[in-house]
Amino acid sequence: MTRSPSEAFRAATREPHRRIETVPAMRCLLSSGLDRDAYRATLARLLGLLDPLETQLAGFGDVSAIGGRPRGPLLRRDLAALGMANRDIDALPRAAPPDWITDAPMAIGAAYVFEGARGGAPMILDRLFETLRLTPETGLGYFADLADPSRGGVSSVRASLDDWFAGRPDGDLADAIDSAVRTFESLHQWMLD
Ligand code: HEM
């Protein structure tokens, strides 16, 4: 049986996903020793990649095509709730724009990486709540939104991907999957730097 587009995404990104979970700035989210400063540093680093990525994506459509929404604003709100001034958030280092994203399939591939993260978000949110005792309003907004069951979880992202690629040429899916793998790899490198 041939794989559905969403199964193909999942299979191709399994290994990069496994690697991202080992990066200290991500792994620390699950640690009982996590403190607010380390959590804030991880959010700040994520914003540094997500901001230029979302600007690039906006040139090729809207992440709502796979049921998503821009997530940079949620990170900014969390950082502010955790005590960062807006000018310091603006001054955080930003990654180079992902210039390999040059069409809508590649934009969808990159958006999948950040929307599919709904898969792990409920578990991460539970851990963060236990260790940090924050609420969505006081700093957990990014993960709470990803984990929100009313958004349909990762299965709804998979269904949107399958709809989006239905009837499109195979090359579009291949480009999108390459873009997802590349997005995982850039995130990995960025979180290590
Ligand atoms: C501590 C870090 C992380 C943990 C523990 C984690 C855990 C998980 C888990 C448990 C799933 C569900 C797998 C399933 O439904 O079978 C998942 C899915 C997913 N996660 Fe993560 N994750 C982490 C970080 C990330 C990051 C940083 C990203 C990208 C921004 C990401 C992107 C994804 C994607 C795209 C999927 C969906 C895979 C699919 O198509 O089913 N994850 N994650």
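A few remarks follow.
- Filtered by the rule that a residue be polar (S, T, N, Q) and more than 8 Å from the ligand (Cβ to nearest atom), region 1-31 gives T2, S4, T22, S31.
- Region 32-55 - residue that is over 20 Å from M84 (Cβ atoms) and away from the ligand (no atom under 12 Å from the Cβ) and, of those, surrounded by the most Cβ atoms within 10 Å (Cβ to Cβ): T55
- Selection status of A174, touching a residue at least 12 places away in the same chain (Cβ under 8 Å) and part of a helix (DSSP H, G or I): no
- Against the list (1) in a helix (DSSP H, G or I); (2) over 18 Å from A25 (Cα atoms), the condition R168 fails is (1).
- Residue within region 112-135 that is β-branched (V, I, T), farther than 25 Å from S186 by Cα and either modelled with pLDDT of 95 or more or assigned to a helix (DSSP H, G or I) (or both) present: yes
- Helices (runs of 4 or more DSSP H) fully within region 7-85 that include at least 1 residues being in contact with a Gly (Cβ under 8 Å, 6 or more places away or on another chain): 36-58, 72-81.
- Residue in region 136-144 that is within 13 Å of the ligand (Cβ to nearest atom), touching a residue at least 12 places away in the same chain (Cβ under 8 Å) and touching a helix residue (DSSP H, G or I) at 6+ places or on another chain (Cβ under 9 Å) present: yes
- Number of positions in region 83-104 that are within 16 Å of the ligand (Cβ to nearest atom), of a type outside the set (V, I, T) and either more than 17 Å from A41 (Cβ to Cβ) or without any contact (Cβ under 8 Å) to a residue 60 or more places away in the chain (or both): 1
- Qualifying residues in region 10-31 (those that are polar (S, T, N, Q) and within 26 Å of F129 (Cβ to Cβ)) - the one surrounded by the most Cβ atoms within 10 Å (Cβ to Cβ): S31
- Residue in region 2-9 that is touching a Pro at 6+ places or on another chain (Cβ under 9 Å) and either surrounded by fewer than 18 Cβ atoms within 10 Å (Cβ to Cβ) or closer than 30 Å to T131 by Cα (or both) present: no
- Residues in region 95-127 that are aliphatic (A, V, I, L, M) and crowded, with 22+ Cβ neighbours inside 10 Å: I101, M106, A107, I108, A110, A111, V113.
- The set of residues in region 139-193 that are within 18 Å of L125 (Cα to Cα), of a type in the set (A, V, I, L, M, F, W, C) and in contact with a Gly (Cβ under 8 Å, 6 or more places away or on another chain) contains only V154.
- Selection status of L74, within 12 Å of the ligand (Cβ to nearest atom), modelled with pLDDT of 95 or more and within 19 Å of M191 (Cα to Cα): no
The values are calculated or read from the model by the stated rules, or taken from the named source; none is laboratory data. Just so you know, these numbers come straight off a predicted model, no measurement behind them. With ideal geometry, Cβ positions are generated from the backbone for all residues, glycine too; neighbour counts draw on all protein chains shown.
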